[in-house]
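Written out below as structure tokens is the structure these notes cover.
The values are calculated or read from the model by the stated rules, or taken from the named source; none is laboratory data. The structure displayed is predicted, hence computed values, not measured ones. Don't worry about glycine lacking a Cβ; one is built from the backbone with ideal geometry, like all the others, and counts go over all protein chains shown. Ligands, DNA and RNA are stripped out before the accessible areas are found, and what is left, the full protein with its side chains, is counted by its heavy atoms. Shrake-Rupley method; radii C 1.70, N 1.55, O 1.52, S 1.80 Å.
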Amino acid sequence: MSRLGKITRRTLLVGAVAVAGGAAFGVYQIRKPVTNPLRPEDGASLNPYVIIDQQGISIIAPRAEMGQGVHTTLAALVAEELDAEWESVRVLHGPPAAAYFNAALAHGALPVPDYDLGPWQRRVTEGLGAASKLLGLQVTGGSTSTVDGFERMRMAGASAREALKAVAAERLGVDVADLRTEAGRVIAPDGTEIDFRDLAEAAATRPVPQVELRHPYDWKLLGRSLPRSDMRAKVTGQAQFSTDIVLEGMKFATVRICPYLGGGMAGFDAEPALAIAGVEQVLDLGDGVAVIASNTWAAMQGAEAVEIDWTPSPLPPTTEAMFVQIARAFDARPNSTMRDQGKPDEVEAGIEVEYRVPFLAHSTMEPMGATAVLQDGHLTLWVGNQAPREHAKVAAQAAGVAVDNVTLHTVFLGGGFGRRVETDITRQAARIAALVPETPIRLTWSREEDMRHDFYRPAAIARMRGAVDDGRAVLFDAKIAAPSVTRAAIGRMIGREMGGPDKGHVEGAFDQPYAIPNYRVAGHLAELDVPIGFWRAVGNSFNGFFHECFIDELAHAAGRDPLQFRLDHVGAESPVAGGVLEAVRDMSDWGAPVPEGVGRGVAMTWSFGTPTAVVIDLEREQGGIRIARAFMACDPGLVLDPAIVRAQMESGLIYGLSAAVMGEITFTDGRADQGNFPDYDALRMFNAPRIEVGILQDNPHMGGVGEPGTPPAMPALANALFALTGQRVRSLPLLPHADFLI
Amino acid sequence: MSVALIVNGTDRQSSLDPETPLLWVLRDEFGLTGTKFGCGVAACGACTVHIDGEAVRACQIALGDVWGAVTTIEGLSQGDTLAPLQEAWVRHQVAQCGFCQSGQIMQAAELLAQTPEPSDEEIDAAMAGNLCRCGTYSAIRAAIHDAARALNGGSAG
């Protein structure tokens, strides 16, 4: 962190160096170059992504490292062109700054399936990317980081390299074309070497040279599984998360906010808390209290001890009543019908069924937390987050200071999965810091606070009609009802209601590459004010389940093998998607006789640009049903780091399987019934499957990898359960219906 | 009043209430933040440390009840030299978000001390209390086998 020096409190800088690229390279649609927010105390910043000082090269990652390996891959993009020595490169989180906008966020904006985007539509989305630059959306999400950084980060490395060479050429009196670079040094024809560190200061003042990017054939780092930049810190306990910052005179805080969501606080008695050793203050936060103590344990004991008079939640009193509310959305006109082919109303349905999925918590390993101090009117925060500019803005409001007077350090995220886009923890930390100025505060939520104040993956209902004829699907008609994540989460972020058709609500259902003559997917938005937010794979996480379980039902209705049935409908529509199905077929030896007591299921979802297929094998054992094996195949196109792709696939799969087996948040009087891991668990080593991952690179467009493993995991599991037991379970979690090993 | 402890080979004094769980003494008083808080109810294993070599959940051990020398993740390596388990973790690139990994490594260290050549089933049983929301389980299992080989004089990797 110290190497970043004092990152500017203002984003407008004198003498800033323009980012590599710009209009000259056709990278950006907006012609004005971005402003470099970096102003290191020592050394030189060559652009918003590179600082070189006497200690070496630091690469600034514009996205949050939450486990997905993005620091490693983004830094490798820069290092590849810069000719930095990989082992000595340091990677830092970028400060809140418009320079770090995420252009790829807009790639999913058009109401068109990704697999079917034409060239002109891709150009339109690039234009939309420029719009997200205008908005300055510095968000880590949507499995976009690598797609977004692919050109930009290489440009940053290449232009820095050329600037360094230009300085060296002058000093040595040789032609720049005769110089080469290697391992952090410029090398002249006579063997003279100059370290980048000795050139950086002069190089940083140069105009950005025009450069061409290297051909992938010449890549030395990209395409290889690199040692992760964060690994050593994470195996030695040195990696710093939100509550690992140690400051002189620090106090320890926790909060207890009204658990009846939407309710508030009529009054409280702090005396019982103040009687606890170590408890120093109880602060009124309006809808709850903060307790400040000499240690976190005392703060948590104190928070429990405060006697609080809560006011009730306006939410429906039971989960079942919430589902009734969600189902009401079917009575209204759909918000969208993004897939509408043939004449679904004129085809008689052979199958009409309803599916349901529950609310889910993110349940990151690290409960929400932050460290903050308001000193001399300046607020400094350390918080692992997925949207630094939003967090800084909210912190400024909460502390009553100008955003120029906020320094926000993004530290490692102990899991994100969408949860840390939300600014609630930062708002609290800033507010508490402002109430006790000059005192550093480490705010740690209890697990119960974390689970009961999530922005949940919404519950959803799907009503499906389908028909088969002569071994093929002739009707797939889906209506999907749920409260809208897009409206809730984007609304919180931009401060106004989003209108128009909600693509996120139906993604994973309307955009799947199946050729079915009568094919319709309608989205119905439910009015229900449970706090909801982005959860790994967002809409795909429920629509993938609905779509792929129902395809399975159609396959069985047609008397067909479910994998071959899929291939028959997918192959012509998208050979890329067909490829991942063929891959899992071959990996799992699909079609070979399955032993007694084994059930296999398959599913495929195209999400975040990456089709991913999963085969699950279930085995009946003495103690219950074991998820024995998983075979996954994905096609994200060009793969920059195979080990990270594999790790993300496994991670997404286990996240999805955990939810499908046992994930469920229910509410009583607006309060989540689940508070900790014993009520809301996940797969552990003994009941997680053995996983085989196949990575294909036939997709002509680069896709994401952080999320696509999650959606197909859930239907593959349910389909395997059907194969094993003959029971078609149309709701999640599965545990109430089947004795999985837990 | 203060409580004397040995942490990572160093004598320490804690001024916190003896009922305070060891976890918060380590994190808040001693600044040893490598040990993580995940649940507070011994359900996730993120706070796993050793007391006299035994893996325990630091969120459940009151300061006044600590019966022996405490070792945390910070004490597992010798200066810049990583412990064999940590080296295996690096070779297998285990960590994703990394928040649970201190606890995973400390749990695995106890396993290898007791069972130098664990089977898959023994690893699964020993690690059942350690949750990982990133799902790094297959890499953890492989790294434990690899570290076992290294510790037993075989070639790692």
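Per-residue accessible area for A:Phe330 at 1.4 Å probe radius, Å² rounded to 10?
20
Just report the Cα centroid separation between region A:201-217 and region A:538-565, whole Å.
A separation of 50 Å, based on Cα centres.
With a 1.4 Å probe and every protein chain left in place, work out the accessible area per residue of region B:84-151 in Å², rounded to a whole number.
That works out to 29 Å² for each residue.
Along the Cα→Cβ direction, 7 angstrom out, place labels at A:Gln397 and A:Ala572. What is the inter-label distance in nm?
Spacing of the two 7 Å Cα→Cβ label points: 5.3 nm.
For A:Thr181, which sequence-distant residues (separation of 5 or more, or a different chain) have an amide H within less than 5 Å of its own amide H, given hydrogens modelled in the peptide plane?
A:Ile187
With a 1.4 Å probe and every protein chain left in place, work out the accessible area per residue of region A:232-299 in Å², rounded to a whole number.
Ligands and nucleic acids excluded, the result is 36 Å² per residue.
Report the Stokes-Einstein translational diffusion coefficient (µm² s⁻¹, integer) for region A:45-200, Rh taken as the Kirkwood radius over Cα pairs, at 37 °C with viscosity 0.692 mPa s.
Translational D for this selection: 195 µm²/s.
State in Å² the accessible area per residue of region A:613-742; use a 1.4 Å probe, count heavy atoms of protein chains only, and round to the nearest integer.
Solvent-accessible surface per residue comes out at 29 Å².
Peptide A:237-243: average number of partner chain Cβ atoms within 10 Å per residue?
Average per residue, whole number: 6.
For region B:3-75, I need the span (max minus min coordinate) of the C-alpha atoms along each principal axis, in Å, sorted largest to smallest.
Each principal axis gives a Cα extent; for region B:3-75 these are 29, 24, 21 Å.
Using a 10 Å cut-off on Cβ atoms, rank the peptides A:605-617, A:422-434 from the highest mean neighbour count down.
A:605-617, A:422-434
Name the long-range amide H neighbours of A:Trp606: under 5 Å, sequence gap of 5 or more, or other chain; modelled H, no Pro or chain starts.
Result for A:Trp606 returns A:Thr612.
Can you pull out the buried accessible area for chains A and B, both sides counted, probe 1.4 Å, rounded to the nearest 100 Å²?
Counting both chains, the buried surface is close to 4400 Å².
Quick one: work out Rg over Rh on the C-alpha atoms of region B:84-151, Rh as Kirkwood radius.
Looking at region B:84-151, the ratio lands at 0.91.
Sort A:Thr73, A:Thr439 by heavy-atom solvent-accessible area, probe 1.4 angstrom, most to least.
A:Thr439, A:Thr73
Using only atoms on other chains, find how many Cβ atoms lie within 10 Å of each Cβ of peptide A:111-118 and report the average.
The mean count of partner-chain Cβ atoms within 10 Å per residue comes to 0.
Span-like helices, chain A: DSSP H, alpha-carbon axial extent 27 Å or more, mean Kyte-Doolittle -1.0 or greater, which ones?
Flagged H segments are A:145-172, A:642-662.
Counting only protein heavy atoms, probe 1.4 Å: which residues of region A:362-381 lose 40 Å² or more of accessible surface in the full assembly compared with their chain by itself?
A:Met365
What is the percent carbon and sulfur in the accessible area of the protein assembly as shown, measuring with a 1.4 Å probe over the protein chains and ignoring ligands?
Carbon-and-sulfur percentage of accessible area, whole number: 48.
Report which residues of region A:653-702 become buried by 40 Å² or more of accessible surface when going from the isolated chain to the complete set of protein chains (1.4 Å probe; DNA, RNA and ligands ignored).
A:Ile654, A:Phe677, A:Arg684, A:Met685, A:Phe686, A:Arg690
Please compute the Cα-Cα pair-distance distribution of the protein assembly as shown with 10 Å bins starting at 0, giving whole percents from short to long.
P(r) for the protein assembly as shown, in whole percents per bin: 2, 12, 22, 25, 21, 12, 4, 1, 0.
Would you check the accessible area of A:Asp309, probe 1.4 Å, heavy atoms only, in square angstrom rounded to 10?
Result for A:Asp309: roughly 90 Å² accessible.
Could you check the simple spin-label distance between B:Gln78 and B:Gln114, using points 7 Å along Cα→Cβ, in nm with one decimal?
With each label point 7 Å from Cα toward Cβ, the separation is 2.6 nm.
Below 13 angstrom from the Cβ of A:Ala430, what's the summed charge of the other residues (Lys, Arg +1; Asp, Glu -1)?
+1
With every protein chain kept in the model, how would you rank A:Thr254, A:Thr668 by accessible area, 1.4 Å probe, largest at the top?
Most to least solvent-accessible, the answer reads A:Thr668, A:Thr254.
If the viscosity is 0.890 mPa s and the temperature 25 °C, what Stokes-Einstein diffusion coefficient in µm²/s follows for chain B when Rh is the Kirkwood radius over Cα pairs?
Diffusion coefficient, whole number: 156 µm²/s.
Using a 10 Å cut-off around each Cβ of peptide B:126-133, what is the average number of partner chain Cβ atoms that fall inside?
The per-residue average across the peptide is 6.
Show me, for region A:93-102, the HN-Hα J-couplings you get by feeding each phi into the Karplus relation (A = 6.51, B = -1.76, C = 1.60, θ = phi - 60°), rounded to Hz, glycine and proline as x.
Once rounded to whole Hz, the list reads 6, x, x, x, 6, 4, 4, 9, 4, 9.
So how do A:269-277, A:519-527 stack up, highest first, on mean other-Cβ count within 10 Å?
Those peptides, ordered most packed to least, come out A:519-527, A:269-277.
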